[in-house]
1. Quantify, in whole percent, the carbon and sulfur part of the accessible surface of the chain (1.4 Å probe; protein heavy atoms only).
2. So what J values fall out for the range 440-455 if you push phi through Karplus, 6.51 cos²θ - 1.76 cosθ + 1.60 with θ = phi - 60°, rounded to Hz, Gly and Pro as x?
3. By the gyration tensor of its Cα atoms, with a ≥ b ≥ c the square roots of the eigenvalues, what is the shape of the range 121-193: rounded for a/c under 1.5, prolate for a/b over b/c, or oblate?
4. In the calculated pair distance distribution of the range 243-314, what percentage of Cα-Cα distances lie above 15 Å?
5. Would you mind getting the accessible area per residue of the range 388-432, heavy atoms of the protein chains only, 1.4 Å probe, in Å²?
6. Once you sort the root eigenvalues of the Cα gyration tensor of the chain as a ≥ b ≥ c, which label holds: rounded (a/c under 1.5), prolate (a/b larger than b/c) or oblate (the other case)?
7. What accessible area, in Å² to the nearest ten, does a 1.4 Å probe give for Arg139?
8. Could you tell me the center-to-center distance, by alpha carbons, between the range 170-234 and the range 435-511 in angstrom?
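The values are calculated or read from the model by the stated rules, or taken from the named source; none is laboratory data. In this text, all values refer to a predicted model and were calculated from it rather than measured experimentally. With ideal geometry, Cβ positions are generated from the backbone for all residues, glycine too; neighbour counts draw on all protein chains shown. To get the accessible areas, we keep the full protein, side chains included, count just its heavy atoms, and leave off ligands, DNA and RNA. Shrake-Rupley method; radii C 1.70, N 1.55, O 1.52, S 1.80 Å.
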Amino acid sequence: MRSMRRWPQLLRSAVTEPYVAGVGGRRLHVIYLAREHRVVTIDGRETAPHAFQQNAFVDPQTGQPIPFYPRRVTSGMAVGVPGTLATWSEAAQRFGTMPLSRLLQPGAMLAERGFEVDQTFHDQTVLNQPRLNAFTSSRALFLTADGQAPSVGSVLRNPELARTYRLLAHDGADALYRGPIGAALVDTVRHPPLAPDANLGFPVPSGVMTTEDLADYSAPLRDPTHVSYRGVRRLRMGPPSSGGSTVGEALNILEGFDMSTPDRALALHRYLEASKLAYADRNRFVGDPDFVSVPLDGLLSKGFAGERRCLIGSTALPTPVSPGDPTPPYSSCGPSSSTSVPDGAEGTSTNHLTVADRFGNVVSYTNTIEQIAGSAIAVPGYGFLLNNELTDFNPVPASPVLPDPNLPAGGKRPRSSMSPTIVLHDGRPFLALGSPGGSMIITTVLQTLLDRLDFGMSLPDAVAAPRASQRNSTPTNAEPGFVAQYADALAARFGQSIASTGSTEIGAVTGVEFLPNGQLQAVAEPVRRGGGDAEVVCPAGRPLPAPAQSLCVPLPTGG
């Protein structure tokens with residue numbers, strides 16, 4: 001990027017949101033380079049240690065998968081080789097104007113000074129209090145002296161993380177991948193620091209990660225996936241992320257329908273059915289391309305979309321639907337396989353940031369440590385939590401007869417649902433967005449795009465609209481607002497089964513739109529997760545006419 005002034009502030013999210021981001025996790029970037037008129041992606045997905053076995057999450061006593069929560073996720077075995085720091089370093093070196101050492105300084109200062117605990121952080125601590133309390137390093141960082149969650153309004157300081165950031169600023173990423181931080185990380189994975197009075201009720205397995213696994217890690221640049229839809233071109237992460245292929249396939253299916261019809265219930269029925277079909281194909285075909293052959297061209301072809309589209313009628317397809325065959329030639333209405341592949345478990349602890357600068361460069365990127373609080377295991381002395389990303393692997397084959405692309409293997413990257421997205425119109429950025437939410441990221445981004453491109457909503461209205469998530473299972477999960485507006489009509493007319501998520505929100509979008517008058521519209525959630533942050537930073541402190549949900553603030557001086 002030619003201008004990186006906002007990056008120091010954005011890197012602070014690893015300080016203020018330690019339960020969803022940090023150097024112990026992963027990060028995926030989609031970047032538009034204005035000078036070159038091209039999009040690049042950086043894959044910071046964790047890898048499994050080389051000694052990781054396919055049966056790593058199978059209970060040897062029962063032969064069955066270890067229960068997902070809290071047992072499988074609270075484990076040294078669940079920790080993948082982290083990719084966040086490698087991605088930060090790669091982005092700064094290749095596309096930045098500031099060195100990583102400078103970018104890390106504000107985060108180090110914030111960790112030292114501390115931040116005010118809000119309701120979301122307090123609630124996330126309470127949710128994970130038993131897990132955090134089980135490890136000496138985690139309870140010291142995140143709980144009070146009597147083992148409670150810090151109160152709302154109190155200040156949480158993390159001098160250990162400040163020390164880590166300063167060490168990384170001085171020695172670079174090697175401090176983790178080949179240095180003392182990495183040595184401590186590996187020791188923590190292999191010897192989780194269980195407290196003498198830990199009372200989890202289950203054993204905490206050690207992991208098999210080595211310092212060689214860390215030294216071998218890389219964050220490769222990958223080709224983005226792309227599909228055209230109603231005159232725009234959408235670019236995303238490719239495999240092992242399934243977001244690009246799944247949203248792309250669903251859009252290809254929906255392009256054959258009039259989604260701008262005033263019959264909103266009919267359009268939403270088609271949205272749910274297209275998502276159902278795309279998830280069936282995702283589960284069958286998408287995995288780490290270094291280990292399995294992913295038929296990406298077929299999944300994103302208009303011909304294959306036509307085969308899948310013809311299955312959508314006036315009645316909801318029973319779930320789970322079977323995957324199709326993305327191999328050409330395609331028929332007008334091809335048969336599906338007789339066997340379905342269920343979706344796997346996936347954590348929802350993620351955050352997403354979308355940034356554009358005055359030169360027209362755009363970055364859409366998503367961070368996570370997987371579960372809220374990840375593995376709940378903090379690295380002693382270094383102030384950050386370790387991920388539990390390897391639980392994104394299917395612990396056993398998802399189908400008894402079909403190949404599973406997402407089984408564990410040493411050195412393999414688990415399948416991801418992250419969907420950082422940039423949309424181009426006439427070769428220029430039109431829209432960029434993304435969301436947290438585990439496997440619901442895909443439907444969140446898909447529905448937001450439909451709301452903006454087909455349903456005529458502004459970006460702020462599309463982000464605020466109530467959501468539903470159909471992932472090839474029954475019932476469809478939907479927020480209460482969606483249930484109130486559409487559930488009765490979808491059930492009566494199309495046989496759709498809709499169930500409310502109650503207080504559980506679906507996604508939390510941030511986005512930027514390039515307006516026709518040359519202005520930028522920055523948008524975040526008005527309510528979900530306590531409301532997001534959207535700002536347009538003005539040059540020389542001069543306010544610009546800003547859209548309603550954009551906050552114009554002076555450009556900070558001194559970097």
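1. On the way: 10710 of 20590 Å².
That share works out to 52 percent.
2. Working through the residues one at a time gives 7, 4, 4, 5, 4, 5, 4, 5, 5, 5, 5, 4, 7, 8, 10, 8 Hz.
3. Verdict is oblate for the range 121-193.
4. 51 percent
5. For the range 388-432, the solvent-accessible area averages 27 Å² per residue.
6. Details: a/c = 1.56, a/b = 1.19, b/c = 1.31.
Note, shape of the chain comes out oblate.
7. 60 Å²
8. Going from one Cα centre to the other spans 32 Å.
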